1. Quickly run through region 205-256 and pick out the residues that are within 15 Å of the ligand (Cβ to nearest atom), touching a His at 6+ places or on another chain (Cβ under 7 Å) and more than 17 Å from His190 (Cα to Cα).
2. Has region 212-227 got any residue that is farther than 22 Å from Gly150 by Cβ, β-branched (Val, Ile, Thr), modelled with pLDDT of 95 or more and not in a loop (DSSP other than H, G, I, E, B)?
3. Given Val145, Val115, Val103, which one is at negative phi, within 16 Å of the ligand (Cβ to nearest atom), modelled with pLDDT of 95 or more and out of contact with any Cys (no Cβ under 6 Å at 6 or more places or on another chain)?
4. For residues that are out of contact with any Phe, Trp or Tyr (no Cβ under 8 Å at 6 or more places or on another chain) and in contact (Cβ under 8 Å) with a residue 40 or more places away in the chain, scanning just region 31-45, find the one that is farthest from Glu220 (Cα to Cα).
5. Can you name the number of the only condition in (1) at positive phi; (2) surrounded by fewer than 19 Cβ atoms within 10 Å (Cβ to Cβ) that Val348 fails?
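The values are calculated or read from the model by the stated rules, or taken from the named source; none is laboratory data. None of the values given here were measured: they were computed from a predicted structure. When we count neighbours, we look across all protein chains shown, and the Cβ atoms used for this are built from the backbone with ideal geometry, even at glycine.
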Amino acid sequence: MVKKVTIMNNPLYPALLKKLSEGAELTKNEYLELIRNRETVRDMASELARAERDRSYGPCIFVRGLIEFTNCCRNDCYYCGIRRSNTNIRRYRLSPEDILSCVDTGYGLGFRTFVMQGGEDPYYTDDILSDIIRSIKELHPDCAVTLSAGERSYESYRKLREAGADRYLLRHETVNPGHYARLHPSSMSHKERTNRLKMLMELGFQTGAGFMVGSPYQTEEDLADELIFLRGLRPHMVGIGPFIPHKDTPFAGMEAGSSELTVFMLSLIRLTLPYVLLPATTALNTVDPQGRIKGINSGANVLMPNLTPEDLRNDYSLYDNKLTSGPGAAANIGLLKDLVRATGCTIVTDRGDCRYI
Ligand code: 5AD
C-alpha cells in the first residue's frame, strides 16, 4: 500500500505576504522568514506584486534610454569591471556632441527619459555636465534627464539639479556597513554613500537607491535589512540586479546571484513601496534569458534599453557577458514592445515620473 503523505504548506508565509500587500509593515524577522521560505510563496508574491504595480501605475512599462557616457572611473570596487585597477579595458568618454546625438536618436525612437550613466570620472566637471543637461532640456523640453554618475559633492549635485537634471541613481550597494567594507576599498565609505542619497532627495531629485543580489558575502539577513532600509528611505526608484562576476576583478571566481532570488526581491520591493519605479535590469536578463519577462511579471515597471554607440557598448563592461544586442538595444524597441505585450503590459513613452503623493 502506498502511504499517502500530505505536505502541509505552512500557512504563515502566505499570510505574511497578504499582510504586506495590504499595507502592513513587516518586521525584519518576517521579511527574513519570507526570504528563507521563498520557494513556497514565490508565485503568490509575483501575483500580488503585479497587482500592486497595476494599481499604482496600470500595466505600464516605462522605458529609459541608457547612455553609458564614460567607462573611466576613479573607484576600485572589487566587483566592478570598470574599476580603476583594471588595465585590461579600453577606456572611452563620450563628448557632449556624442551624447546629444544619442539623445536625438533616442528621441526619434520615442524615448522621453535619458539616463546618463558612467563611472566616477572627474573629467566631467559640473560645468561640462550642466552644459550637456541644459542642451538636452533645450532641445527636448518634454524629456526627463536622469544622472547616474556616482558620488559628488552637495554643491555639485545642487548645480546639476539647477541645470535641469530631474533624477539621480546612486545604488547604495548594501545596507550593511561591514558588508560594504568587503565590497569596496577602505577609501570608500558606506556612510558617505548613504548620506548622498539623503542629499539627493533633499535637493528634489527623484532618487534611486539599489543593491546587487547575491553579491559576495551577502546574507539573507542583509536582504531583509535592505527592505527595512528602503521602506524608511522611500526612494523614488530602486535598481537591483544579480551580482555577476567579471573576469578582471578580485571577485572573478565568485558565484553569481540568482535570477529567482532577484525576482523575489523585486516582488517584495514592489509590495513594500507600491509607487516605486522598479527596473527589470540588464544584469537580470544576463543571468536568465527570461529575466526581463520574469521581472515584469513580478512587479517591475521600468526597462532601460541601451542607446550607447554600438562600438563602445562592449567596453562598458561592469560584469561578464553583458547583453548588448537584441531587445535590450534601444534600436530594437519594436522587439521589446512585442515582449512586453506578451506579459499583458504596454510600453509607455512619456517621462514616467514617480507618482509618490
Ligand atoms: N555585477 C552586477 N552588477 C554590478 N554593478 C557593478 N558591477 C557589477 C557586477 N559585477 C552594478 C552596481 C553599480 C551599477 C551601476 O552596476 O550596483 O551601482
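1. The answer is Thr207, Ala252.
2. There is no residue in region 212-227 that is farther than 22 Å from Gly150 by Cβ, β-branched (Val, Ile, Thr), modelled with pLDDT of 95 or more and not in a loop (DSSP other than H, G, I, E, B).
3. Numbers: Val145 fails: within 16 Å of the ligand (Cβ to nearest atom); Val103 fails: within 16 Å of the ligand (Cβ to nearest atom).
The conditions single out Val115.
4. First pass over region 31-45, keeping only residues out of contact with any Phe, Trp or Tyr (no Cβ under 8 Å at 6 or more places or on another chain): 31-32, 36, 39, 43-44.
This time we only want the ones that are in contact (Cβ under 8 Å) with a residue 40 or more places away in the chain, so: 31-32, 36.
Numbers: Tyr31: 9, Leu32: 7, Arg36: 7 Å.
The residue in question is Tyr31.
5. In the conditions (1) at positive phi; (2) surrounded by fewer than 19 Cβ atoms within 10 Å (Cβ to Cβ), Val348 misses (1) alone.
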